[in-house]
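K.L.:
Provided herewith is a single structure, encoded as structure tokens, for subsequent inquiry.
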Amino acid sequence: MITRGYYIGQIVDELSSITEKVRNRAKLGLTDIHIHLENFYRDVLNMTLGLVLKNLNQERTNSPGLDLGDEAKGVAFQITGTNSTQKVNKTLETAAGQETKFPLIRILTLQNKQTSYSIDSNLAKPFSFTKDNIWDVNDVLNQVMYLEIDKLQLLSELISREFARVTIELEIPDKDGKYQTNIDKYVENIPKERFSGVSAYFDFHSSN
């Protein structure tokens, strides 16, 4: 019988692995986040928090500074590969004026967050934003712990299904800008033809 501990262990391992890959990219100055990662965490957060977040980048002019949003519940997230104070304040500055639509915003850094932040109080005030609104994977996992086993199973299946694709998106290129793997490695190859036509098939069998 599969237990809660099994699902939680698998979720912790794979989300932590993604965090490590993001950290390694950041060391090389690669902090951009592919849209697939935004959608991956959108689905993880929706399952974990019971939200209906949508990717706001499809309507960027209407929601600057925010990546995911649930207008019905007034919650939005910025998903970022950086964990700096500068990024936090820049997000608050860019999101200014959206406090009516999204009174609660969180910043989810895909690295481990810093121990302290110097948040601009003027930018933070409209959203009542504090350091507690800055999340990393550990904060997400703390929420995962409270899920019932059926939801844990669904979340585990989602993460396992998308883990290979996310790993590829986070792969670090070599000195020539090439990547070691691609999605083709996870797709079964189409068998090559062995005969060019009926005559070749006949000749092959006639010679045996």
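K.L.:
Scan segment 5-24 residue by residue and report those that are crowded, with 21+ Cβ neighbours inside 10 Å and either among the basic types (K, R) or more than 13 Å from L170 (Cβ to Cβ) (or both).
P.N.:
Within segment 5-24, Y7, I11 qualify.
K.L.:
Pick from F163, F127, F77: which is within 21 Å of Y7 (Cβ to Cβ), in contact with an Asp or Glu (Cβ under 7 Å, 6 or more places away or on another chain) and open to solvent by less than 60 Å² (accessible area, probe 1.4 Å)?
P.N.:
The unique qualifying residue is F163.
K.L.:
Pick from segment 130-143 the residues that are closer than 20 Å to P103 by Cβ and not hydroxyl-bearing (S, T, Y): which of them is most open to solvent (accessible area, probe 1.4 Å)?
P.N.:
K131
K.L.:
Restricting attention to segment 89-107, which residues are within 11 Å of A76 (Cβ to Cβ) and open to solvent by less than 60 Å² (accessible area, probe 1.4 Å)?
P.N.:
T91, A95, Q98, F102, L104, I105, R106, I107
K.L.:
Among residues belonging to segment 1-45 that are of a type in the set (V, I, T) and more than 23 Å from N55 (Cα to Cα), point out the one that is modelled with the lowest pLDDT.
P.N.:
I2
K.L.:
What pairs come up if the first residue lies in segment 10-25 and is more than 16 Å from T82 (Cβ to Cβ), the second is open to solvent by 50 Å² or more (accessible area, probe 1.4 Å) and among the small types (G, A, S), and their beta carbons are under 9 Å apart, counting only those six or more places apart or on different chains?
P.N.:
Listed pairs, sorted by first residue: Q10/S160; E14/S160.
K.L.:
For N83, are the conditions met, namely being under 18 Å from the mean Cα position of the chain (by Cα), surrounded by 16 or more Cβ atoms within 10 Å (Cβ to Cβ) and either of a type in the set (D, E, K, R) or closer than 18 Å to F163 by Cβ (or both)?
P.N.:
It is false that N83 is under 18 Å from the mean Cα position of the chain (by Cα), surrounded by 16 or more Cβ atoms within 10 Å (Cβ to Cβ) and either of a type in the set (D, E, K, R) or closer than 18 Å to F163 by Cβ (or both).
K.L.:
Residues of segment 82-137 being of a type in the set (D, E) and in a loop (DSSP other than H, G, I, E, B), which ones?
P.N.:
The answer is E99, D120, D136.
K.L.:
Right, next: Filter segment 26-37 for residues that are surrounded by fewer than 20 Cβ atoms within 10 Å (Cβ to Cβ) and in a helix (DSSP H, G or I) and give the result.
P.N.:
Listed by number, the residues that qualify are A26, K27, I35, H36.
K.L.:
Search segment 91-118 for residues that are over 25 Å from I18 (Cβ atoms) and pair each with any residue that is of a type in the set (F, W, Y) and open to solvent by less than 60 Å² (accessible area, probe 1.4 Å) when their beta-carbon atoms are under 6 Å apart and the residues are at least 6 apart or on different chains.
P.N.:
Sorted first by the residue in segment 91-118, then by its partner, the pairs are E99/F127.
K.L.:
Among residues belonging to segment 144-158 that are farther than 12 Å from I11 by Cα and of a type in the set (D, E), point out the one that is most open to solvent (accessible area, probe 1.4 Å).
P.N.:
Within segment 144-158, the match that is most open to solvent (accessible area, probe 1.4 Å) is E148.
The values are calculated or read from the model by the stated rules, or taken from the named source; none is laboratory data. Fair warning: this is a prediction, and the values are worked out from it, not measured in the lab. With ideal geometry, Cβ positions are generated from the backbone for all residues, glycine too; neighbour counts draw on all protein chains shown. With ligands, DNA and RNA removed, areas are computed over all heavy atoms of the protein, side chains included. Shrake-Rupley method; radii C 1.70, N 1.55, O 1.52, S 1.80 Å.
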